[in-house]
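Just below is one structure, and these are the notes that go with it.
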Amino acid sequence: MFNSTIVSKFNSIPTPFYYYDMDVLKQTLNLLKKESDKYGFIVHYATKANANNKILDIIRSYGLGADCVSGNEIKKAIECKFNPNHIVFAGVGKSDVEINIALDHSIFCFNCESLQEMEVINELAKAKGTTASIALRINPNVNANTHKYITTGLEENKFGINLWELDNVIAALKDLKNLKLIGLHFHIGSQITDINSFKTLCMRVNEIQSWFVSHKITIENINVGGGWGVDYHEPDKNRYLDFAAYFKLYNDFLELRPGQKVHFELGRAVVAQCGTLISRVLYIKKGVNTNFAILDAGMTELMRPALYQAYHKIENLSKYQVASIKSQDSAVSELPTTDSLLIKYDVVGPICESSDCFGKAVNLPETFRGDIIALRTAGAYGEVMSSAYNLRDRVKSVYSDEI
Ligand SMILES: *Cc1c(COP(=O)(O)O)cnc(C)c1O
């Protein structure tokens, strides 16, 4: 992804910024499309992972739908020309204003998370003289074996309708005349790397489906959500996920009824590896037991480490240029590891919070003020979570096809 030629271009761009490799994004989408099309699976991109217009445009051009979790995300998806018929809307706290936006655009489906929400959607749809298509977001009580802040499919989580509430919900649905039940929805968490969790989900979906069949309720759509994780440790070796294995697993284990369609909502798996946060070292400072490399990017640009102790691989990209000068080869694309002594640094940001730390005791070649540092695998839940805390400037983005 990086070589000395690209890094020399970075030298003239003010930091910090997000760098997006559009070839990586497109190749990811190629693989995703090829493998999901084999089974006729429908994939909605989880807009919240990265909502940059340019990225949304490309994703839409590959025929994906949009999975939105706010009224503004729905507006953004429409603005980027996603077909409303390919937009789904999830979230435990949909406001009346947001529900009305979705109704006005006649989106494909509301993923409903409680009976009270269904009653409100029914009222608002009635007031507009329309019918809302809904799926029940069912909490399948499956452990995703991921960080507790990004686990969503356990009974203790706030998301979805619990299994023991189903009787009640189905009974109430009969009186909600402006709702049309078209599907079941599940989403068990994020950054799930153990593919067995998805197998467990399939089994649970099969059981839940039998319950609906025994109650003579036909379900047209099964939405299994997203949550598939990427390799933050080896972003070059595992740049592309095994989409073939992922979709095959669902094809092998989901028991579908005739005519049923399967939907997915992938976010991170689509955009994580194409994005990198690029920053410069402001200062090197000696601590008691450690050295600090203080960057011009912090938790305001990339919040994941501070928010859920997330790991991002950190690289000193300026060393590509050192290697290139030494070898007199202008396009060196391997970072030197042997010819330079590695030193441990705590890599931190400039924000006035101790949690503003990207990594402790990170091995880097000797690093200097002005060196360009990459925080890899930052395309998902990076730029979208950036904030203006400390009155920071809004982080910029740079695309590989524009420099
Ligand atoms: C966040 C979210 C997703 C996407 O999760 P990823 O881990 O990025 O794939 C899908 N569906 C729902 C309902 C979500 O909230």
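The values are calculated or read from the model by the stated rules, or taken from the named source; none is laboratory data. These numbers were taken from a predicted model, which means no experiment stands behind them. Reconstructed Cβ throughout: ideal geometry from the backbone, glycine too, with neighbour counts over all protein chains shown.
Of all residues in the stretch 318-332, those satisfying the criterion of being out of contact with any Phe, Trp or Tyr (no Cβ under 6 Å at 6 or more places or on another chain) and either of a type in the set (A, V, I, L, M, F, W, C) or part of a helix (DSSP H, G or I) (or both) are 318, 319, 320, 321, 322, 323, 324, 325, 326, 327, 331.
Can you go through 245, 269 and tell me which one is among the small types (Gly, Ala, Ser), in contact with a Phe, Trp or Tyr (Cβ under 9 Å, 6 or more places away or on another chain) and within 17 Å of residue 194 (Cα to Cα)? Of the residues listed, the single one that is among the small types (Gly, Ala, Ser), in contact with a Phe, Trp or Tyr (Cβ under 9 Å, 6 or more places away or on another chain) and within 17 Å of residue 194 (Cα to Cα) is 269. Here the condition is being aromatic (Phe, Trp, Tyr), touching a strand residue (DSSP E or B) at 6+ places or on another chain (Cβ under 6 Å) and surrounded by 15 or more Cβ atoms within 10 Å (Cβ to Cβ); of 247, 292, 253, it holds for 292 alone.
Only a single item in (1) in a helix (DSSP H, G or I); (2) in contact with a helix residue (DSSP H, G or I) (Cβ under 6 Å, 6 or more places away or on another chain); (3) under 30 Å from residue 282 (Cβ atoms) is not met by residue 51, and it is number (1). When the residues of the stretch 12-46 are filtered to those that are in contact with a strand residue (DSSP E or B) (Cβ under 7 Å, 6 or more places away or on another chain) and polar (S, T, N, Q), the one that is surrounded by the fewest Cβ atoms within 10 Å (Cβ to Cβ) is 15.
Given the conditions (1) assigned to a loop (DSSP other than H, G, I, E, B); (2) touching a Gly at 6+ places or on another chain (Cβ under 7 Å), which single one is not true for residue 40? That leaves (2) as the condition not met.
Just one of (1) within 18 Å of residue 384 (Cα to Cα); (2) outside the structural domain of residue 32 (by TED's automatic domain parsing) fails for residue 267. It is (2). Residues of the stretch 92-102 that are surrounded by fewer than 20 Cβ atoms within 10 Å (Cβ to Cβ) and either modelled with pLDDT of 95 or more or away from the ligand (no atom under 16 Å from the Cβ) (or both): 93, 95, 96, 97, 100. Among the conditions (1) surrounded by fewer than 19 Cβ atoms within 10 Å (Cβ to Cβ); (2) in contact (Cβ under 8 Å) with a residue 12 or more places away in the chain; (3) under 23 Å from residue 269 (Cβ atoms), the only one that residue 61 does not satisfy is (2). When residue 173 is tested against (1) surrounded by 17 or more Cβ atoms within 10 Å (Cβ to Cβ); (2) at pLDDT below 95; (3) away from the ligand (no atom under 16 Å from the Cβ), only condition (2) is not met.
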